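In what follows, a structure is listed as structure tokens, so that the remarks can point back to it.
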Amino acid sequence: PCALVISIPLGYFGGLGAASKNGILFKGASFLDALTKVNTVVMDKTGTVTKGVFKIKKIKTIAWEEKEFMKYLIAMEEQSTHPIAKAILEYNDEVDSLQATNVIEVAGKGLKGRVNNKTILVGNKALMTSNNVKVPSETDSIVESIVMVASEGKFVGYVTIADELKEDAHQAIKQMRESGISKIIMLSGDKDSITQQIAKELGIDSAKGGLFPEEKLNEVEQLKSQLSTKVAFIGDGINDAPVLASSDVGIAMGGLGSDVAIETADVIIQTDQPSKIAMAIKIGRSTRHIVYQNIVLAFGVKIVVLILGAGGLATMWEAVFADVGVALLAILNAVRLQKMKWK
């Protein structure tokens, strides 16, 4: 039937169009279907449910002047695209710029490079420990995000950074549960204490912090090994790319998100609003319903007219309606997706 051939792809085009009008980009119709089957959502923290717009809260130096300390830190962070780096680069006091060279990014840990002929480390405690740098015990009790700095193998200070939840973070979790998501998990490379605090505030089922990219990947692989579990992962950073690729549906935040994450993901949230995830699920389900409606319409009317024709009750006009008329109805039904108002 013409209606079947035309309306099914058109139904998916309607779903893709409705999603894109609302700032959600699907990289193919298959992901509209895949998202409707998801029952477990795993998400990163920074840039996903938090704004990723950090501000310096405290600067603590050891044996260095604050301005001297910030010179080296800024020189290193100029080589990074991480949201925390942006906060450090907004340091108010004017400092003479230094140039960092041979800067390499250590996945899940931080940066290593040379500034003013000194080997500088900038990152978390794991980076310091792996380079045999002794970290003061006072840093263990700090809940906020912390950027530690070492020079020539010696700890010289740290900066604490504060982040805040996105306006629709609570709403996003609530709507995901209403959409039929049975389990919501948070996995973050940030400190476990911060991750647990955010998860508790949002009412997330379980959370783990201080994870490296490969550990996030292992967690998702374990979830996927359960036959009844379909996993969507939501992230925005370079480190999230392997998990985005591995999950059943990878969802990236397209505003602050890295190019690698956007390239790897199956679905892009252009506005960086986590509440759009529930909307994407609703659009996927509505698209599926309309496609099924069109299939039933295409075959149902054909069968009825064939039966009537066999009994000599159908004329040419019923035959025309069963072919062209039903095709037009199916097209109008598919276009209806574009007209729906999604909340």
* Out of all the residues in the range 286-297, is one or more farther than 22 Å from ALA334 by Cβ and either of a type in the set (A, V, I, L, M, F, W, C) or out of contact with any Lys or Arg (no Cβ under 7 Å at 6 or more places or on another chain) (or both)? -> no
* Selection within the range 156-189 - outside any strand (DSSP E or B) and either open to solvent by 40 Å² or more (accessible area, probe 1.4 Å) or in contact with a Lys or Arg (Cβ under 6 Å, 6 or more places away or on another chain) (or both) -> ASP163, GLU164, LYS166, GLU167, HIS170, GLN171, LYS174, ARG177, GLU178, GLY180, SER182, SER188
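Please work out which residue is farthest from ASN239 (Cα to Cα), limiting yourself to the range 190-199 and to residues that are part of a helix (DSSP H, G or I) and open to solvent by 30 Å² or more (accessible area, probe 1.4 Å).
So, considering only residues that are part of a helix (DSSP H, G or I) and open to solvent by 30 Å² or more (accessible area, probe 1.4 Å), the one farthest from ASN239 (Cα to Cα) is GLN197.
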* **Search result, residues across the range 302-343 that are touching a Gly at 6+ places or on another chain (Cβ under 8 Å) and of a type in the set (D, E, K, R)** => GLU318, ARG336
* Structure fact -> Considering residues that are part of a strand (DSSP E or B) and either open to solvent by 20 Å² or more (accessible area, probe 1.4 Å) or not aliphatic (A, V, I, L, M) (or both), the number found within the range 96-128 is 13
* If you go through the range 309-317 one residue at a time, do you hit one that is closer than 18 Å to VAL5 by Cα and of a type in the set (Phe, Trp, Tyr)? -> no
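Which of the residues belonging to the range 296-343 are more than 30 Å from ALA278 (Cα to Cα), among the β-branched types (Val, Ile, Thr) and under 50 Å from the mean Cα position of the chain (by Cα)?
Answer for the range 296-343, where residues must be more than 30 Å from ALA278 (Cα to Cα), among the β-branched types (Val, Ile, Thr) and under 50 Å from the mean Cα position of the chain (by Cα): VAL301, ILE303, VAL304, VAL305, VAL320, VAL324, VAL326.
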* To do: Please determine, by comparing only the residues of the range 59-85 that are open to solvent by 80 Å² or more (accessible area, probe 1.4 Å) and touching a Ser or Thr at 6+ places or on another chain (Cβ under 9 Å), which one is farthest from GLU144 (Cα to Cα).
  => GLU78
* **Residues satisfying the stated conditions in the range 268-297, i.e. open to solvent by less than 10 Å² (accessible area, probe 1.4 Å), modelled with pLDDT of 90 or more and not β-branched (Val, Ile, Thr)** => PRO274, ALA278, ALA280, GLY284
* **Scan of the range 217-235 for residues that are open to solvent by 10 Å² or more (accessible area, probe 1.4 Å) and of a type outside the set (Val, Ile, Thr), ordered by number** => LEU217, ASN218, GLU219, GLU221, GLN222, LEU223, LYS224, SER225, GLN226, LEU227, SER228, LYS230
* Considering each of ILE84, ILE88, ILE104, ILE142 in turn, give the residue that is at pLDDT 90 or above, under 31 Å from the mean Cα position of the chain (by Cα) and among the hydrophobic types (A, V, I, L, M, F, W, C). => ILE104
* To do: State all residues of the range 115-167 that are more than 19 Å from GLY209 (Cα to Cα), free of Cβ contacts under 8 Å to residues at least 40 places away in the same chain and of a type in the set (Ser, Thr, Tyr); if no residue qualifies, say none.
  => THR119, SER137
* Asked: Within the range 272-306, how many residues turn out to be among the aromatic types (Phe, Trp, Tyr) and over 19 Å from GLY15 (Cβ atoms)?
  -> 1
* To do: With respect to LYS174, determine if the residue is closer than 30 Å to GLY250 by Cα and touching a strand residue (DSSP E or B) at 6+ places or on another chain (Cβ under 9 Å).
  => no
* Restricting the search to the range 216-263, which residues are at pLDDT 90 or above, of a type in the set (A, V, I, L, M, F, W, C) and not in a strand (DSSP E or B)? -> LEU217, VAL220, LEU223, VAL243, LEU244, ALA245
* Which of the residues spanning the range 1-45 are open to solvent by 20 Å² or more (accessible area, probe 1.4 Å), closer than 22 Å to ILE184 by Cα and of a type in the set (S, T, N, Q)? -> ASN39
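For the range 200-215, name all the residues that are outside any loop (DSSP other than H, G, I, E, B) and within 18 Å of the chain's Cα centre (by Cα).
Passing the criteria: LEU202, SER206, ALA207, LYS208, PRO213, GLU214, GLU215.
The values are calculated or read from the model by the stated rules, or taken from the named source; none is laboratory data. It should be emphasised that the depicted structure is a prediction, and the values quoted were computed from it without experimental measurement. Using ideal geometry, Cβ is built from the backbone for each residue, glycine included, and neighbour counts are taken over all protein chains shown. Just so you know, the surface numbers come from the protein's heavy atoms only, side chains and all, with ligands and any DNA or RNA stripped out. Shrake-Rupley method; radii C 1.70, N 1.55, O 1.52, S 1.80 Å.
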